[in-house]
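Asker: Starting off with a structure, shown below.
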Amino acid sequence: MKIAFINGSPKNTGSASELPLAALQQKLGDSNEYVTLHAMKYDRHEFFDSIKDAHAAVISFPLYVDGLPSHLLRLLHDVKDEIGQINPSLTVYAIANNGFYEGAQNRLALAMIRNFCISAGIKWGQGLGIGAGGMMSAAPIGHGPLKNIGTALDTLSGNIKNGITSEDFFVEPNFPKILYKLGGHSNWRSQAKKNGLKRKDLYYQHEE
């Protein structure tokens, strides 16, 4: 198989979106051909040249206000009318991660990718929504607090190998929600302090 990975993060390197792609490639094995594209470095000719003979594409991206990052949205809009003609047998899978604890927070963004596939005339495979994306680098995927994510990627890789379409599914880390929330609060306060703000400033409400 030839599989195209599309990194939809605005970060060139070190993003949470690239980690599940790397783990997924390991699970899919070395017998496949892989090509990696970055939405922030989108080149129309390179994209179509890479995608024209791919069996599957996997888009990994961070959640932005219940939707897609604008640069990824622009890419999809730009290729929508031609991708189905160039590769009508392409199957698209998607991995969305967000800062909220609940993986289901990604459901609307995954629906947007599914709607893109319908509009473009290509096959929608499946979406995976990962909660607490900020923890993606806390451990190797599949171990410790990221054991659930590793199991979810096992399922996704099996579906990609076999060209299976299935319902979207969602996963959270093996980590208590209350501790994740406390860690987030601590991080916000630390950033506020570095920027000369006090804790009370985080709760400031502007009055008209």
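Asker: On the given criteria, is K52 surrounded by fewer than 18 Cβ atoms within 10 Å (Cβ to Cβ), among the charged types (D, E, K, R), assigned by TED's automatic domain parsing to the domain that holds F169 and touching a Phe, Trp or Tyr at 6+ places or on another chain (Cβ under 7 Å)?
Answerer: no
Asker: Okay, moving on. Please indicate, with yes or no, whether at least one residue in the range 99-116 is surrounded by 19 or more Cβ atoms within 10 Å (Cβ to Cβ) and more than 17 Å from the chain's Cα centre (by Cα).
Answerer: no
Asker: Does N174 satisfy being surrounded by fewer than 17 Cβ atoms within 10 Å (Cβ to Cβ) and either within 19 Å of L21 (Cβ to Cβ) or not basic (K, R) (or both)?
Answerer: yes
Asker: While we're looking at this one, here's another question. Sort out which residues of the range 10-35 are closer than 15 Å to A139 by Cα and of a type in the set (D, E, K, R), and write them in order of number.
Answerer: Passing the criteria: only E18.
Asker: I would also like to ask the following. Please specify each residue of the range 117-133 satisfying the condition of being more than 14 Å from the chain's Cα centre (by Cα) and of a type outside the set (D, E, K, R).
Answerer: If the condition is that a residue be more than 14 Å from the chain's Cα centre (by Cα) and of a type outside the set (D, E, K, R), then C117, I118, S119, A120, G121, I122, W124, G125 are the ones that fit.
Asker: Identify, from the list A152, A96, A138, the residue that is assigned by TED's automatic domain parsing to the domain that holds Q26, modelled with pLDDT under 95 and either of a type in the set (K, R) or within 19 Å of A22 (Cα to Cα) (or both).
Answerer: A138
Asker: Ok, one more. In the range 32-52, is there at least one residue being of a type in the set (G, A, S), touching a helix residue (DSSP H, G or I) at 6+ places or on another chain (Cβ under 6 Å) and in a strand (DSSP E or B)? Give the steps one after another, and end with the answer.
Answerer: Taking the range 32-52 as the starting set, the residues that turn out to be of a type in the set (G, A, S) are 39, 50.
In the following step, the residues that additionally are touching a helix residue (DSSP H, G or I) at 6+ places or on another chain (Cβ under 6 Å) were identified as 39.
Going one step further and asking which of them are in a strand (DSSP E or B), we end up with none.
Taking every residue of the range 32-52 in turn, none turns out to be of a type in the set (G, A, S), touching a helix residue (DSSP H, G or I) at 6+ places or on another chain (Cβ under 6 Å) and in a strand (DSSP E or B).
Asker: Here is a follow-up. Somewhere in the range 35-55, is a residue in contact (Cβ under 8 Å) with a residue 24 or more places away in the chain, within 16 Å of G158 (Cα to Cα), in contact with a strand residue (DSSP E or B) (Cβ under 9 Å, 6 or more places away or on another chain) and among the small types (G, A, S)?
Answerer: no
Asker: Something else: Do we have A120 as in the same structural domain as N7 (by TED's automatic domain parsing) and on the phi < 0 side of the Ramachandran plot here? Spell out how you get there, then give the answer.
Answerer: On the way: in the same structural domain as N7 (by TED's automatic domain parsing): yes; on the phi < 0 side of the Ramachandran plot: yes.
So A120 fits the description; yes.
Asker: Report, by residue number, each residue of the range 55-98 that is in a loop (DSSP other than H, G, I, E, B) and surrounded by 22 or more Cβ atoms within 10 Å (Cβ to Cβ).
Answerer: L63, L68, L90, N98
The values are calculated or read from the model by the stated rules, or taken from the named source; none is laboratory data. Small disclaimer: the values here were computed from a predicted structure and weren't measured. FYI the Cβ positions are ideal-geometry reconstructions off the backbone, even for glycines, and counts take in every protein chain you see.
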